[in-house]
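This structure is in structure tokens; I'll ask about it shortly.
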Amino acid sequence: MKSLVNSIQYLVVLVLIYPIYYVWQTDKVTDFCELIDAGMTKQRMIQLGEQASIKMIGPDDISLEGGKWVATVEPGAFISSDICVIKGAGNKVATARLFETEAP
């Protein structure tokens, strides 16, 4: 019985904390995406990502020549929200846009 009560207490705490975590993580992605400007260097973008403690995937080359690249920034594994897609060429950022993800 005691373990059931403890489990329920943990569940209540998680239900209360998750919305705060959700808003915090999604705001980090939105704020980061707004910091990225066209013409910014790829290295500066990566530094800003490290400073913001965000989950960045990439930058990965998307062309055979290796000149064009893309990076994505997502809020987290359990959060379905907007993602920031950053595209660039060479050593420069071309665009950074927020895209809505579809709920499963």
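The values are calculated or read from the model by the stated rules, or taken from the named source; none is laboratory data. Just so we're clear, the structure is a prediction, and the values are computed from it rather than from any experiment. No Cβ is skipped: glycine too gets one built from the backbone with ideal geometry, and neighbour counts run over all protein chains shown. When the accessible area is computed, the model is the full protein with side chains, heavy atoms only, and any ligands, DNA or RNA have been set aside. Shrake-Rupley method; radii C 1.70, N 1.55, O 1.52, S 1.80 Å.
Considering each of Gly76, Gly49, Gly39, Gly66 in turn, give the residue that is at pLDDT 85 or above, open to solvent by less than 90 Å² (accessible area, probe 1.4 Å) and either in a loop (DSSP other than H, G, I, E, B) or of a type in the set (Asp, Glu) (or both). Write out each step before concluding.
On the way: Gly76 fails: at pLDDT 85 or above; Gly49 fails: either in a loop (DSSP other than H, G, I, E, B) or of a type in the set (Asp, Glu) (or both); Gly66 fails: at pLDDT 85 or above.
Among Gly76, Gly49, Gly39, Gly66, only Gly39 is at pLDDT 85 or above, open to solvent by less than 90 Å² (accessible area, probe 1.4 Å) and either in a loop (DSSP other than H, G, I, E, B) or of a type in the set (Asp, Glu) (or both).
Applying the selection to the range 1-59, what residues are in contact with a helix residue (DSSP H, G or I) (Cβ under 7 Å, 6 or more places away or on another chain) and hydrophobic (A, V, I, L, M, F, W, C)?
Phe32, Leu35, Ile36, Leu48, Ala52, Ile54, Met56
Restricting attention to the range 82-95, does a residue exist that is at pLDDT below 85, surrounded by 15 or more Cβ atoms within 10 Å (Cβ to Cβ) and closer than 20 Å to Val23 by Cβ?
Among the residues of the range 82-95, at least one is at pLDDT below 85, surrounded by 15 or more Cβ atoms within 10 Å (Cβ to Cβ) and closer than 20 Å to Val23 by Cβ, which makes the answer yes.
How many residues are small (Gly, Ala, Ser) and in contact (Cβ under 8 Å) with a residue 40 or more places away in the chain when one looks only at the range 31-76? Walk me through how you get there before you give the answer.
Step one: of the range 31-76, the residues small (Gly, Ala, Ser) are 38-39, 49, 52-53, 58, 63, 66-67, 71, 76.
Okay, now just the ones that are also in contact (Cβ under 8 Å) with a residue 40 or more places away in the chain, so 38-39, 76.
Total meeting the criteria: 3.
Could you list, in sequence order, all residues of the range 1-33 that are in contact with a strand residue (DSSP E or B) (Cβ under 9 Å, 6 or more places away or on another chain) and of a type in the set (Ser, Thr, Tyr)?
Correct list: Thr30 only.
Here's another thing I want to ask about it. Quick check: is even one residue across the range 18-30 exposed (fewer than 10 other Cβ atoms within 10 Å of the Cβ), free of Cβ contacts under 8 Å to residues at least 60 places away in the same chain, out of contact with any Asp or Glu (no Cβ under 9 Å at 6 or more places or on another chain) and of a type in the set (Lys, Arg)?
Let us first name the residues in the range 18-30 that are exposed (fewer than 10 other Cβ atoms within 10 Å of the Cβ), namely 19-20.
In the following step, the residues that additionally are free of Cβ contacts under 8 Å to residues at least 60 places away in the same chain were identified as 19-20.
Add one more test, that the residue is out of contact with any Asp or Glu (no Cβ under 9 Å at 6 or more places or on another chain), and what stays is 19-20.
With of a type in the set (Lys, Arg) added as a condition, the list becomes none.
Checked against the condition, which is being exposed (fewer than 10 other Cβ atoms within 10 Å of the Cβ), free of Cβ contacts under 8 Å to residues at least 60 places away in the same chain, out of contact with any Asp or Glu (no Cβ under 9 Å at 6 or more places or on another chain) and of a type in the set (Lys, Arg), the range 18-30 yields no hits at all.
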